[in-house]
Amino acid sequence: MTDKIALTPATHTTPPAKFSHGVKKGNILQVAGQVGFLPAAEGRPPTPAGPTLREQTLQTLANVQAILEEGGATWDDVMMIRVYLTDIDHFAEMNAIYNAYFEAEGLKEAPAARTTVYVGLPKGLLIEIDALAVLG
Amino acid sequence: MTDKIALTPATHTTPPAKFSHGVKKGNILQVAGQVGFLPAAEGRPPTPAGPTLREQTLQTLANVQAILEEGGATWDDVMMIRVYLTDIDHFAEMNAIYNAYFEAEGLKEAPAARTTVYVGLPKGLLIEIDALAVLG
Amino acid sequence: MTDKIALTPATHTTPPAKFSHGVKKGNILQVAGQVGFLPAAEGRPPTPAGPTLREQTLQTLANVQAILEEGGATWDDVMMIRVYLTDIDHFAEMNAIYNAYFEAEGLKEAPAARTTVYVGLPKGLLIEIDALAVLG
């Protein structure tokens, strides 16, 4: 019997329902859909890092990374990254930000698989990302 | 060699194509996208539990649970729940129904990760949910 | 420590950002979102197999299969297939093409789970598919 553990970085805002920002069981780690919310601050509702795709993409990736780290994983363990955008015209810019982020992280040559689709998101949010990692 | 087995609760309507409502292989269990269809009845086409978000959400969760049980799993084994809604204005109501459902199920303190996005669904359907579980 | 390896069939077009068409680690294989692009040809930008749902669905399935094969897997190892369509009216036609494809492949009686939702995709693309496989 392997325990499932919730991964809840102290910096993260409280989820809007009964779910965890991440869970880990055995060697599988699942990151819930992250958006570009700034670290939680007492008395402040969840607040995006800014109105731009750049600000939100970088904050979203940082939020995913914090959950990976909470579970003892790194980007190198990530198998799949799901990117949800609201606007097809954001694809090229998101890719440029994404590439620069992972170059700065020194990611090895075999990055994760990825799917990007265009959906609706709550007002003011331009991007959401979730991830599946396999550790060990 | 581990066999992959199809999980097909007797209550479920026949999938509209060659796929299974769920599959299990080793300790991984994947639930296909479930909607709020009532249990199958001979001669009746797949029929939603009702037109409201509440009726469809509760039936959808019951349909996911039936597949988990068919595979010997429970909600506690679920790592990831993907919720697809058609209307951003349904988020708060879905969360309230979702929370009440899992409270009634007595879910442990480490629930699954979750991603919610807003997409198109077939006419009359307001919610679809799939899930990934890791057993053992 | 199990290595994560990138799966990059020689026929595939270069991804538009730092991600892999597929990755494998241990017994988990993840296929990135595939679309109906023809095999790569030098000097030609990524080009869909045709404008129709049929052409794109068959090419997309072939592209998924090539990645599975690159990782030593087959359709029988696939647990989950995610289908993204742009038009709800394409559902029945996609299912017919999908069924015929898998009948021709001689798929065993326990096919994968599946979720189909309707989203936005880049201009000219009608379908995207990704897949999760568990080997062994």
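The values are calculated or read from the model by the stated rules, or taken from the named source; none is laboratory data. Computed from a predicted model, the values in this text were never measured in an experiment. As a convention, Cβ positions derive from the backbone with ideal geometry for all residues, glycine included, and neighbour counts pool all protein chains shown.
Summary table below
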{"quantity": "Any hit, the stretch C:24-38, residues being touching a Leu at 6+ places or on another chain (Cβ under 7 Å), of a type in the set (D, E, K, R) and either free of Cβ contacts under 8 Å to residues at least 40 places away in the same chain or within 9 Å of another protein chain (Cβ to nearest Cβ) (or both)", "calculated": "yes"}
{"quantity": "Top-ranked residue of the stretch C:1-20 - restricted to ones that are farther than 23 Å from B:V134 by Cα and at the interface with another protein chain (Cβ under 7 Å from one of its Cβ atoms), ranked as nearest to the chain's Cα centre (by Cα)", "calculated": "C:S20"}
{"quantity": "Conditions (1) of a type in the set (K, R); (2) farther than 19 Å from C:T115 by Cα; (3) touching a Ser or Thr at 6+ places or on another chain (Cβ under 8 Å): number failed by B:R54", "calculated": "(3)"}
{"quantity": "Residue count for the stretch B:78-93, restricted to those that are buried (at least 21 other Cβ atoms within 10 Å of the Cβ) and more than 13 Å from B:V119 (Cα to Cα)", "calculated": "4"}
{"quantity": "Out of B:L85, B:L107, sole residue that is within 14 Å of chain C (Cβ to nearest Cβ) and hydrophobic (A, V, I, L, M, F, W, C)", "calculated": "B:L85"}
{"quantity": "Residues (at pLDDT 95 or above, among the hydroxyl-bearing types (S, T, Y) and either buried (at least 16 other Cβ atoms within 10 Å of the Cβ) or assigned to a helix (DSSP H, G or I) (or both)) located in the stretch B:9-61", "calculated": "B:S20, B:T57, B:T60"}
{"quantity": "Residues being free of Cβ contacts under 8 Å to residues at least 24 places away in the same chain and part of a loop (DSSP other than H, G, I, E, B) - total across the stretch B:100-109", "calculated": "2"}
{"quantity": "B:L61 under 19 Å from B:A100 (Cα atoms) and touching a Phe, Trp or Tyr at 6+ places or on another chain (Cβ under 7 Å)", "calculated": "yes"}
{"quantity": "Conditions (1) under 30 Å from B:N27 (Cα atoms); (2) in contact with a Pro (Cβ under 9 Å, 6 or more places away or on another chain): number failed by A:G36", "calculated": "(1)"}
{"quantity": "Enumeration of residues in the stretch C:118-128 that are within 15 Å of the chain's Cα centre (by Cα), at the interface with another protein chain (Cβ under 9 Å from one of its Cβ atoms) and assigned to a strand (DSSP E or B)", "calculated": "C:E128"}
{"quantity": "Number of the condition not met by C:N95 [criteria: (1) facing chain B (nearest Cβ under 7 Å); (2) under 19 Å from C:A133 (Cα atoms)]", "calculated": "(2)"}
{"quantity": "The one condition in (1) outside any helix (DSSP H, G or I); (2) touching a residue at least 60 places away in the same chain (Cβ under 8 Å) that C:V64 fails to fulfil", "calculated": "(1)"}
{"quantity": "Positions within the stretch A:84-125 being of a type in the set (V, I, T) and within 24 Å of B:D89 (Cβ to Cβ), in sequence order", "calculated": "A:T86, A:I88, A:V117, A:V119"}
{"quantity": "Residues of the stretch C:76-99 satisfying the condition of being of a type outside the set (A, V, I, L, M) and either farther than 26 Å from C:P51 by Cα or free of Cβ contacts under 8 Å to residues at least 24 places away in the same chain (or both)", "calculated": "C:D76, C:D77, C:D89, C:N95, C:N99"}
{"quantity": "Test set (1) in contact with a helix residue (DSSP H, G or I) (Cβ under 6 Å, 6 or more places away or on another chain); (2) among the hydrophobic types (A, V, I, L, M, F, W, C); (3) modelled with pLDDT of 95 or more - C:L107 fails condition number", "calculated": "(3)"}
{"quantity": "Selection within the stretch A:49-58 - more than 15 Å from A:Y98 (Cβ to Cβ) and in contact with a strand residue (DSSP E or B) (Cβ under 8 Å, 6 or more places away or on another chain)", "calculated": "A:A49"}
{"quantity": "Any hit, the stretch C:41-48, residues being within 15 Å of the chain's Cα centre (by Cα) and either within 14 Å of chain A (Cβ to nearest Cβ) or of a type outside the set (S, T, Y) (or both)", "calculated": "yes"}
{"quantity": "Scan of the stretch C:120-136 for residues that are buried (at least 22 other Cβ atoms within 10 Å of the Cβ) and aliphatic (A, V, I, L, M), ordered by number", "calculated": "C:L126, C:I127, C:I129, C:A131, C:L132, C:A133, C:V134"}
